[in-house]
Amino acid sequence: MYRVFLLFMLFSNFAGAQYSGKELDSLMTKEYYRLRKERKFEEIIALSRKVIAQSKKIKYLKGEIYGYTRMGNMQYNLRNYKEAITSLNRANQLVEDHSFEDNTIKASINMGIGLCYYTTESSYQNAVKQYDKALIFANKIEDETDRKFYLYLIYSNFYGLYSDIKNRQKEVYYLRKALSVNETSYMLTELARYHNLYSKRPDSAKYYLGKSQRIAKTDFEKAALYNQWGKYYENLEDYASAIRLYVINEKLARKTEEAPLQEDALIGLSYSHKKMGNLQKAYLYSEKLNAFKDSMKMLQIQNSNIAVSDIITKNGKEIHQKFSNIWKIYVGLAVLLLIILFIFGAKIYKNEKKKDLAIIHKKNEQNLKLKQKVNESFEEVVLLAKDNHPEFLTRFLEVYPDFRKNLFDINPGLVMSEIRFCALIFLNFSTKEIANYTFTSTKTVQNRKNSIRKRLNISSDTDLYVWFSMLDAK
């Protein structure tokens, strides 16, 4: 109660007081972090507005930039995407206009703008561009704690984006990158999700869910955790256990207003009840799911329009700037070409441009053909593996020429039979599939996996298939 009273007194006396830059910094650090920890986003927005007003009075650039950045990120947390983009763009404009050097705030601005593009599904391409910029600035942050904080957030956001667009290779790459910075409950749950949905390895899913459960604290982390426990039991066809966990998942998701987790819970409940023969309940949850999707779709359209409008505005400014720069170049060239007989120079320029375009076109055709060949080669290698064909390893090493070299860099003593076995794991064949294709038992295959772990120094808590998926084979 004392803190609330103190904050009220602070705001009520703010307008009449004159604050120094140092005092404004203190408000936007100590007070900001306290309010953020308590998730008082609206109070942070009010504080930011006051800081911006005071900073303008004393012409304190840092305070103004920090105020707009804090306000934009808090508006995003409240799902006010139009206000969020407006504030973050204002902060970014001030940074660019005044060449303001602060890698922490730059990372925060670009990540915030990228999140608005991603969350509203208005432009994944622009979201990636913003995340890339944020990553550059985050790596330059001197304070190790702040650097790790922003790297974790950026890697996590990259993971979410590539998960949505179903780029599984980049999805698991950024998931691993985030976990290498900080093993949080949520990201451990997401790794379990990857095994639940795609690798179909229940033992790995159970392992990471166990790790996540030991450190889960917030309702959001628990909602995600119970969702994947439900999926785990659903995969085991223990639908009664799955339903019990999905019910908890739905309650926590509604409490935290996490739409994706609410949707996943309703999908799981409808499916599990259907598999148990409870058709009435399955239909009930299916109807709830459809109604929920409709409401989210309308909200998504509104949010998308906001972000698209911002992109169009930015693109218009960029085009205007490009035309302005091009006009200046042409004026300069015109003067120069008049002196050195510009007619001949213009002809040479046109010819060179035609050649460049022809070369680019030819390279694009070659790249397309190369991609087609890679896809065909992969299918060919998989078929040879399934047939246990003696030419399998030879053809595999032709398609992935660096695979053997990378393995030899780790252990030059590997024999060809071990490399062949590694190739089967790289192609993502399960233990049962390898046993079937090589006419051996699953126990033999598992023993060979354990042997490969020792030979390549792969720790027991590292997923073997994910390790090979990260190996640069080309």
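The values are calculated or read from the model by the stated rules, or taken from the named source; none is laboratory data. Note that the structure is predicted; figures quoted are calculated from it, not measured. Ideal geometry is used to build each Cβ from the backbone, glycine not excepted, and the neighbour counts take in all protein chains shown.
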### Task
Inspect all residues belonging to region 235-242 and state whether any of them is loosely packed, with under 15 Cβ neighbours inside 10 Å and in a helix (DSSP H, G or I).
yes
#### Entry: Scope region 404-435; condition outside any loop (DSSP other than H, G, I, E, B), closer than 16 Å to Phe468 by Cα and of a type in the set (S, T, N, Q); matching residues
Asn406, Thr431
### Query
In region 232-271, which residues are more than 24 Å from the chain's Cα centre (by Cα) and of a type in the set (Ser, Thr, Tyr)?
Tyr233, Tyr239, Ser241, Tyr246, Ser270, Tyr271
#### Entry: The lone exception for Ser55 - which of (1) farther than 24 Å from Gln130 by Cα; (2) in a loop (DSSP other than H, G, I, E, B) it fails
(2)
### Message
Name the residue that is surrounded by the most Cβ atoms within 10 Å (Cβ to Cβ), counting only residues in region 89-138 that are hydrophobic (A, V, I, L, M, F, W, C) and farther than 18 Å from Ser156 by Cβ.
### Response
Ala91
#### Entry: Residue count, region 72-88 (criterion: crowded, with 23+ Cβ neighbours inside 10 Å and not in a helix (DSSP H, G or I))
0
### Task
Taking Phe396 as the residue in question, decide whether it is modelled with pLDDT under 95, assigned to a helix (DSSP H, G or I), surrounded by fewer than 14 Cβ atoms within 10 Å (Cβ to Cβ) and not assigned by TED's automatic domain parsing to the domain that holds Tyr207.
no
#### Entry: Enumeration of residues in region 375-388 that are closer than 15 Å to Phe439 by Cα and either surrounded by fewer than 14 Cβ atoms within 10 Å (Cβ to Cβ) or among the basic types (Lys, Arg) (or both)
Lys386, Asp387, Asn388
### Query
Pairs, please: C-beta under 7 Å, at least 6 apart or cross-chain, first residue more than 10 Å from Asn411 (Cα to Cα) and in region 445-463, second acidic (Asp, Glu)?
Ile452/Glu418
### Message
Of the residues Tyr207, Tyr232, Tyr186, only one is assigned to a helix (DSSP H, G or I), surrounded by 21 or more Cβ atoms within 10 Å (Cβ to Cβ) and either free of Cβ contacts under 8 Å to residues at least 12 places away in the same chain or not hydrophobic (A, V, I, L, M, F, W, C) (or both); which?
### Response
Tyr232
### Message
Given the condition more than 29 Å from the chain's Cα centre (by Cα), crowded, with 23+ Cβ neighbours inside 10 Å and modelled with pLDDT of 90 or more, answer yes or no: does some residue in region 28-48 qualify?
### Response
yes
### Task
State the number of residues belonging to region 33-49 that are under 13 Å from Tyr68 (Cα atoms) and of a type outside the set (D, E, K, R).
5
### Query
Of all the residues that make up region 212-223, how many are within 15 Å of Glu183 (Cβ to Cβ) and part of a helix (DSSP H, G or I)?
5
### Filter result for the condition that a residue is at pLDDT 90 or above, out of contact with any Gly (no Cβ under 8 Å at 6 or more places or on another chain) and at positive phi, over Ser108, Ser156, Ser99, Ser185
Ser99
### Message
Given the options Thr431, Thr462, Thr440, name the one that is more than 31 Å from the chain's Cα centre (by Cα) and not assigned by TED's automatic domain parsing to the domain that holds Ser199.
### Response
Thr440
